[in-house]
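The values are calculated or read from the model by the stated rules, or taken from the named source; none is laboratory data. Worth saying up front: this structure is predicted, and the values here are computed from it rather than measured. Cβ sites come from the backbone with ideal geometry, for glycine too, and all protein chains shown count toward neighbours. Please note that ligands, DNA and RNA were not included when accessible areas were found on the heavy atoms of the full protein model with its side chains. Shrake-Rupley method; radii C 1.70, N 1.55, O 1.52, S 1.80 Å.
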Amino acid sequence: MEAKRFLYTLMRFVVRPVTVQPVFFLLLYILLNVLDIYSIAIFHSFSPLFKVISGFFFCYIFALPVILLPDKTRKIYKSIVLLVAIVLFAVDIYLLQQYRETLNTMSLDAVAAVLATNPDETKDFFLVYFTADKLLVILFFISLLLSAFYYLNRFKFKWNFVGELLVANFVVFSLIISVFRLSTIRTSNLYFLLTSKAIDLREYRHNPDVVYNCERPDNIVIILGESFSKHHSSLYGYEKQTNPLLEKMAEERLLFVFEDIESNAVSTIPAVKSIMMSYTAEMADSIEWYECLTLLEIMQKSGYSTNWISNQTKKGLMNNDVGCFSDLCDKQYFMDSDVLAVDKETCSSYFDERVIGVVEDFLSASIGKAFYIVHLMGSHYIYGSRYPETFSKFIPRDYEVSCPQLTYDNRKVVAEYDNSILYNDSVVYELMKCFENEDAVVFYFSDHGQDVFDSSNSYAGHAHINNPISYKAGIEVPFMVYTTPLFREKHPQLQERIERSVSTPYRTDSIMYTIMDVAGIESLNGCSYKHKSLFMQ
């Protein structure tokens, strides 16, 4: 009897945050979770179901202080919690309108991609896409909710034993689901970003033993693109002519387009890390990424000067950014270091063509062999901010036949994306032409692809790893190699191997070994890695 009374008392205590303040709890839960329930019902997506269930427990935790605080403090606390919940609700409505996503249904890796974005890009996004009509919808739903709960708060709720028992069971069930969800966070890029520290790779320098031959080009160049989906490249059969200049180079057998190349990631940070060093995701339990050997150190040890030129920012919102690799280079230049690098009227970064002059300056000042990394802004969201007005070739009307399922606004997004690819074509072409009189080989590929309404008629942006269609769009990237006339004359065997490899499947997290092969590196720390080169497959 005593045990039964104890269990009943314990149950009453457990359910108090819900039953003592039912209106507060219900309003909080609806503000934080109702749109996820809506996405399940309307969009037939059951992926956020566990998140919605675990959301009950998190609301329970926020409601717990209400029964412990004195009256005056309780009112202040409730006001603060509801204010935060209203802001999050507003964000959820916006995301649902724009992407058919909510904060709760977004993958942790998608959140990580947002946090890794630099402040100027974030400002661009809100200025362009947070429009008046979306704001009105948000205000309408918030006012509707608050009005409903103002009247609901006048009623007194009576709880019986069965109701309290159901609440107690659901609290325990949502606790179990929450523990399971938290256990998966450690494997996400979001956890990696939030727990990372600012890294100075110069403190972790290696002294690799490099053996190389003399049969290697004077200049090796990586032009690293951004958010380029090969499905929007006319080089790969896309119906719109988005790559006219590079197509011409390919027809003249100056440019070799590789058919089956994938990135290892759908966002910039993990993709660039795997490109620039020997680190892979499989090493996560055995070594820290910053302890791994970098391509830049290998190239320096093999007699190449190293140069980093970027139209992206050096520092993101979080510590863990790709700019740390540039500190290992002999020379580096970031466009955002120039006070004129931001157009104050459009709040957009200046266009990628600005790097062309810097590359020419670096090349003219170069003595001996040189390795270049040229990092472009490419087709990074927001697409319409990535090209000058003169490249506004495609308009929404051009997609009425090919994309009839899309709304006018979304066809406009596709047009802007294709215009950014068209502009990127001209920039990459001019960068390659900078080296046409040199002994040079130039690689161009994108860090990752982009989901441009591939997986949904209402979503364009970073690919989602938990959606097979989106993920495929995110990892399939364009990849091409330009070789100069002098290179082909001096390195006929390497030229032949390049041409022979255009159909070879490959991933960009092994590109380091391809660059080593081109640089004539026979062994690294006593081991040969030529078998990992794209041109040796």
(message) With the requirement that a residue be under 29 Å from A473 (Cα atoms) and without any contact (Cβ under 8 Å) to a residue 60 or more places away in the chain, what does segment 253-287 give you?
(response) R253, K273, Y279, A281, E282, M283, A284, D285
(message) Considering only residues that are under 21 Å from V414 (Cβ atoms), of a type outside the set (A, V, I, L, M) and touching a residue at least 60 places away in the same chain (Cβ under 8 Å), which ones fall in segment 471-490?
(response) Y471, G474, E476, P478
(message) So in segment 195-222, with the set limited to residues that are open to solvent by 10 Å² or more (accessible area, probe 1.4 Å) and not in a loop (DSSP other than H, G, I, E, B), which one is nearest to D398 (Cα to Cα)?
(response) R202
(message) Restricting to segment 512-530, count the residues that are among the charged types (D, E, K, R) and in contact (Cβ under 8 Å) with a residue 60 or more places away in the chain.
(response) 1
(message) Please go through segment 375-404 and give me each residue that is in a helix (DSSP H, G or I) and of a type in the set (S, T, Y), ordered by number.
(response) Y383, S385, T390, Y399
(message) Against the condition open to solvent by less than 60 Å² (accessible area, probe 1.4 Å), of a type in the set (S, T, Y) and without any contact (Cβ under 8 Å) to a residue 60 or more places away in the chain, how does S533 come out, does it pass?
(response) yes
(message) Going residue by residue through segment 494-502, is there one that turns out to be in contact (Cβ under 8 Å) with a residue 24 or more places away in the chain, open to solvent by 40 Å² or more (accessible area, probe 1.4 Å) and closer than 22 Å to Y387 by Cα?
(response) no
(message) Looking at segment 271-290, can you tell me whether even one residue there is more than 26 Å from S392 (Cα to Cα), polar (S, T, N, Q) and touching a Gly at 6+ places or on another chain (Cβ under 9 Å)?
(response) no
(message) Please verify whether S143 is at pLDDT 75 or above, loosely packed, with under 13 Cβ neighbours inside 10 Å and not charged (D, E, K, R), treating the condition exactly as stated.
(response) yes
(request) Return a yes/no flag: does segment 336-356 have any residue that is part of a strand (DSSP E or B), at pLDDT 90 or above and over 20 Å from Y444 (Cα atoms). (result) no
(request) Having 1 or more residues that are within 30 Å of I367 (Cα to Cα) and under 26 Å from the mean Cα position of the chain (by Cα) is the bar; report the strands (runs of 3 or more DSSP E) wholly within segment 429-537 that clear it. (result) 440-446, 479-483
(request) Residue by residue through segment 362-385, note down the ones that are farther than 20 Å from I269 by Cα and either open to solvent by 10 Å² or more (accessible area, probe 1.4 Å) or out of contact with any strand residue (DSSP E or B) (no Cβ under 8 Å at 6 or more places or on another chain) (or both). (result) F362, L363, S364, A365, S366, I367, G368, K369, G384, S385
(request) Identify all residues within segment 413-434 that are within 10 Å of Y383 (Cα to Cα), open to solvent by 10 Å² or more (accessible area, probe 1.4 Å) and out of contact with any strand residue (DSSP E or B) (no Cβ under 7 Å at 6 or more places or on another chain); write none if there are none. (result) E416
